[in-house]
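Some notes on the structure that comes next.
The values are calculated or read from the model by the stated rules, or taken from the named source; none is laboratory data. Note that the structure is predicted; figures quoted are calculated from it, not measured. No Cβ is skipped: glycine too gets one built from the backbone with ideal geometry, and neighbour counts run over all protein chains shown. In case anyone asks, the SASA skips ligands and DNA or RNA and just uses the protein heavy atoms, side chains included. Shrake-Rupley method; radii C 1.70, N 1.55, O 1.52, S 1.80 Å.
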Amino acid sequence: MAEKITPRSVDYSQWYIDIVLNAKLADYSPVKGCMVIRPRGYAIWERLQAELDRRFKATGHQNAYFPMFIPMSFLKKEAEHVEGFKPELAVVTHAGGEELEEPLAVRPTSETIIWSKYRDWIQSWRDLPLLYNQWANVVRWEKRTRLFLRTTEFLWQEGHTAHETKDEALKETETMLEVYRAFAEEYLCLPVVAGRKSDAEKFAGAVATYSIEAMMQDKKALQAGTSHFLGQNFAKAFEVQYQTREGGLDYVWATSWGVSTRLLGAIIMTHSDDKGLVLPPSLASEEIVVVPIFKTDNKAAVLEYAGKVVDALKADGRRVVFDTDDGSSPGWKFAEWEMRGVPIRIEAGPKDAANGTVVMVRRDTGEKTFVKVDEVPAKARETLAAMQKDLLEKARAFQDANTKDVADRDELVRFFGKEKGKLDADGELHEGTVEAPGGFARGLWCGGRDCEAQLKADLKVTIRNLPFGQQDGCDGACCLCGEPAKHRAIFARSY
RNA sequence: CGGGACGUAGCCUAGCGGCUAAGGCGCCAGCUUUGGGAGCUGGAUAUCGGGGGUUCGAAUCCCCCCGUCCCGACCA
């Protein structure tokens, strides 16, 4: 049978698509750029969502829901916001068989409609803070889409909070970025760099944007989550004032923060291999698949033996699937469950029954071990915990190995080379070669918008963020222009 | 919005003016098998993306349209 998945070394982009389609996570839709999330993909989203929701509630947030239709006039109230989103808006002009008096935008994000209501709900400092989140779909008409990473419609959560003071809002922005960082690393096994975005890359309408950035296996960066300090911009645009403790009147301070179904793309591209999906155990709706191996004459005995293993695992709280289908061979099942990313496979056949053992196989390492039947639940628990830890460590080691400090522009150019796909000019360094490996480059930056824009134009490399905790000792020269530096930045090509 | 590739059964592909559109995978039934994607037999599934034109005759040639993917441009 033909190989279903294109190896990463042949075509990384195709490999990613093959995984998504073959693992039945998502499929294309009749409408360009949109995506159908299939049950196996949606189940991952649900687990991710449940855990994140738990963490939001634990930090004092409540869920609400606002409509998806936003009057066009609302979007125009914040100047930068409308400029940023205008090119990607879907707008409803007709409904109920008539042309609408005012067109309705399908939300690209909900700041405007939410702040229009916050105006009604906030009068005094006693009404603050409002710590709301919503799980919703949004639509952004992007020119170029990719399954999970950038789709016309996507699912996300958006937190929108209102505060009495600037400090409180800033603290919220930081707290939520930290929630994302911890969630990404602990639950998704995604090591990330947390930091502040440059002005050029910040959210339209924000005073400051913070992000977590992950490194994919092709060494490109993926923005995995953002948290914005919105200052008083939206409060002013929507005239949301409150009576202060001192009896004065002031505008409310705001934040917003979100992660989306893009995280599924990040998980796939970080952990998976040429055999298919690799999932952190935390996200797997099936942690273990038990494959019985039988012949017609010993089928009943093998099923009984394997069934006891399944029962023992379930009793220990494991999520188990028992693949008793006799229409496909064991080999077929092995390949199929590997493609689907089930963390542990247990094989139980007549030889095992005779020895009182089973074969346990780890999806990430392929390691096979013989386990005594009464030790299976404990060994499974231990293996799943080890996988959760190892996947993060492996990804972190990869990120560290592909992060390099650069001092000047020459070094930066040599690190990145020319981007792939621009192989016309021979004799130049190209991305992905030994001489120009690419990855995250860490260097000093003067803070100049022109420097950054020039780098993007020349090399397609952008500043991902200015990492927190790495901003000391920035008194050298900007690695782009040589002027005195103000920040330490992570430079990378990104999705 | 530019450049490229493409659209034939659920999927992949052949057919590139001429008989009833061919094959593989998958699917269904039965038998047989099962420790890394098994085998045999039988079966179902196509208005050849849509519309128009040329022709005695179009999946095939021409025109228009629609759609998808890839690469750019764009993108909190």
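Below are the figures for this structure:
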| read-out | value |
| --- | --- |
| Selection from segment A:62-91 of residues that are of a type in the set (S, T, N, Q) and either over 17 Å from A:Ala204 (Cα atoms) or touching a Leu at 6+ places or on another chain (Cβ under 6 Å) (or both) | A:Gln62, A:Asn63 |
| Helices (runs of 4 or more DSSP H) contained in segment A:281-397 and holding at least 2 residues hydrophobic (A, V, I, L, M, F, W, C), in contact (Cβ under 8 Å) with a residue 40 or more places away in the chain and farther than 29 Å from A:Val192 by Cα | A:299-315, A:330-340 |
| Condition met for A:Leu279 (modelled with pLDDT of 95 or more, under 30 Å from A:Leu149 (Cα atoms) and of a type outside the set (D, E, K, R)) | yes |
| Residue in segment A:66-74 that is open to solvent by 30 Å² or more (accessible area, probe 1.4 Å) and within 15 Å of RNA strand B (Cβ to nearest atom) present | no |
| Extreme residue, farthest from A:Phe66 (Cα to Cα), among residues of segment A:113-134 that are open to solvent by less than 30 Å² (accessible area, probe 1.4 Å) and touching a helix residue (DSSP H, G or I) at 6+ places or on another chain (Cβ under 7 Å) | A:Leu130 |
| Out of A:Gly97, A:Gly84, sole residue that is surrounded by 14 or more Cβ atoms within 10 Å (Cβ to Cβ) and modelled with pLDDT under 90 | A:Gly84 |
| Counted residues, segment A:152-183 - those being small (Gly, Ala, Ser) and in a helix (DSSP H, G or I) | 2 |
| Criterion violated by A:Pro467 - all others in (1) under 16 Å from A:Arg414 (Cα atoms); (2) open to solvent by less than 10 Å² (accessible area, probe 1.4 Å) satisfied | (1) |
| Residue identified as in contact with an Asp or Glu (Cβ under 8 Å, 6 or more places away or on another chain) and either open to solvent by 40 Å² or more (accessible area, probe 1.4 Å) or of a type in the set (D, E, K, R) (or both) among A:Pro281, A:Pro330, A:Pro343, A:Pro350 | A:Pro330 |
| Residue count for segment A:10-42, restricted to those that are over 17 Å from A:Gly265 (Cα atoms), open to solvent by 60 Å² or more (accessible area, probe 1.4 Å) and without any contact (Cβ under 8 Å) to a residue 24 or more places away in the chain | 2 |
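Residue-wise test of (1) among the charged types (D, E, K, R); (2) more than 30 Å from A:Val376 (Cα to Cα); (3) modelled with pLDDT of 95 or more.
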| position | (1), (2), (3) |
| --- | --- |
| A:Ala204 | no, yes, no |
| A:His228 | no, yes, yes |
| A:Gln232 | no, yes, yes |
| A:Lys236 | yes, yes, yes |
| A:Val259 | no, yes, yes |
